[in-house]
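Worksheet for the structure shown next.
The values are calculated or read from the model by the stated rules, or taken from the named source; none is laboratory data. All figures in this text were calculated on a predicted structure; none of them were measured in a lab. Here the Cβ positions follow ideal geometry from the backbone for every residue, glycine too, while neighbour counts run over all protein chains shown.
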Amino acid sequence: MRADRKVALTLVVICVALEALLRLGDWGLLGVPRFRELVYEYGGFWPGLLDNWRPNYPFQPWLMFVTYGFLHAGLMHLVLNMVTLFSLARPVVMRVGGRKLVLLYTLSMLGGGIGFALLSDSYRPMVGASGALFGLAGAILAWEYVDRFTFQDRLWPVARAALMLVVLNVALYYAMDRLLAWEAHLGGFVMGWIAALLIDPRGRRALTDGPDADPPQ
């Protein structure tokens, strides 16, 4: 199995397994009342924990920057994110390899949490992989910008793609009755863009010329 599928599949399996567990709890098969809500209380991202809320366990205010990204708000939320993950993972792995995909994904997840912490005034928990996914999208656009700048090509397609993401977020924000965590999307996108340029700032020509042109691992 190709490296991109292995890495993406591992992330998908973790998210699917957790949602399956939550489903069993929803159906009352685990013997734990309010199981999903309990998991959200312990694993969701709660901005109040960065203020004066009392955590449920030590280091929760720090660990939630990662745990929230593996939980989802239901089956549809999970499916949409996992399909998006598969579509975005391939170009990232082709550019920098599977290990750096994991690094980029993790940093973007952290960026999503930071964006939500800084910009959101919600008291609800935030869950989902979309912060990390927007980070992957930001990375892909950052590399596209570098490639086009290197070859002195038009930059409008990059700006157009970024504008489409903005429009998509605005549309979904109102369609979902303002329950969309756009703050996490923005934070993930910005972190992904920055991380991509730190991980691989070269233009595509540099990737194919010279002694270090071996495929990334």
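Being of a type in the set (A, V, I, L, M, F, W, C) and in contact with a Gly (Cβ under 8 Å, 6 or more places away or on another chain) is the filter here; which residues of the stretch 130-174 pass it?
At the first step, the residues of the stretch 130-174 found to be of a type in the set (A, V, I, L, M, F, W, C) are 132-134, 136-137, 139-143, 146, 149, 151, 155-156, 158-159, 161-168, 170-172.
Ala132, Leu133, Phe134, Leu136, Ala137, Ala139, Ala142, Val146, Phe149, Phe151 - these are the residues of the stretch 130-174 that are of a type in the set (A, V, I, L, M, F, W, C) and in contact with a Gly (Cβ under 8 Å, 6 or more places away or on another chain).
Scanning the stretch 156-196 for residues that are modelled with pLDDT of 95 or more and acidic (Asp, Glu) turns up just one, Glu183.
Does Leu104 fit the bill of being crowded, with 16+ Cβ neighbours inside 10 Å, hydrophobic (A, V, I, L, M, F, W, C) and over 14 Å from the mean Cα position of the chain (by Cα)? The answer is no for Leu104. Taking the residues in the stretch 6-26 that are more than 18 Å from His77 (Cβ to Cβ) and without any contact (Cβ under 8 Å) to a residue 40 or more places away in the chain as candidates, determine which candidate is surrounded by the most Cβ atoms within 10 Å (Cβ to Cβ). The selected residue is Leu9. Contact map, the stretch 88-114: first residue over 12 Å from Ile199 (Cα atoms) and in contact (Cβ under 8 Å) with a residue 12 or more places away in the chain, second residue part of a helix (DSSP H, G or I) and of a type in the set (D, E, K, R), Cβ cut-off under 6 Å, separation 6 or more or different chains; pairs are Ala89/Asp4; Arg90/Asp4; Val93/Asp4. Scanning the stretch 145-159 for residues that are part of a helix (DSSP H, G or I), touching a residue at least 12 places away in the same chain (Cβ under 8 Å) and over 21 Å from Ala89 (Cα atoms) yields a total of 2. The helices (runs of 4 or more DSSP H) found entirely in the stretch 1-84 that carry 1 or more residues being modelled with pLDDT under 95 are 3-26. Return yes when Gly112 is touching a His at 6+ places or on another chain (Cβ under 9 Å) and outside any helix (DSSP H, G or I) and no when it is not. Spelling it out, it is not the case that Gly112 is touching a His at 6+ places or on another chain (Cβ under 9 Å) and outside any helix (DSSP H, G or I).
Val79 passes every criterion in (1) under 12 Å from the mean Cα position of the chain (by Cα); (2) β-branched (Val, Ile, Thr); (3) surrounded by fewer than 19 Cβ atoms within 10 Å (Cβ to Cβ) apart from (1).
The single condition among (1) closer than 21 Å to Gly138 by Cβ; (2) of a type in the set (Phe, Trp, Tyr); (3) surrounded by 20 or more Cβ atoms within 10 Å (Cβ to Cβ) that Trp46 does not meet is (1). The single residue among Ala171, Ala184, Ala142, Ala162 that is in a helix (DSSP H, G or I), closer than 24 Å to Trp46 by Cα and of a type in the set (A, V, I, L, M) turns out to be Ala184.
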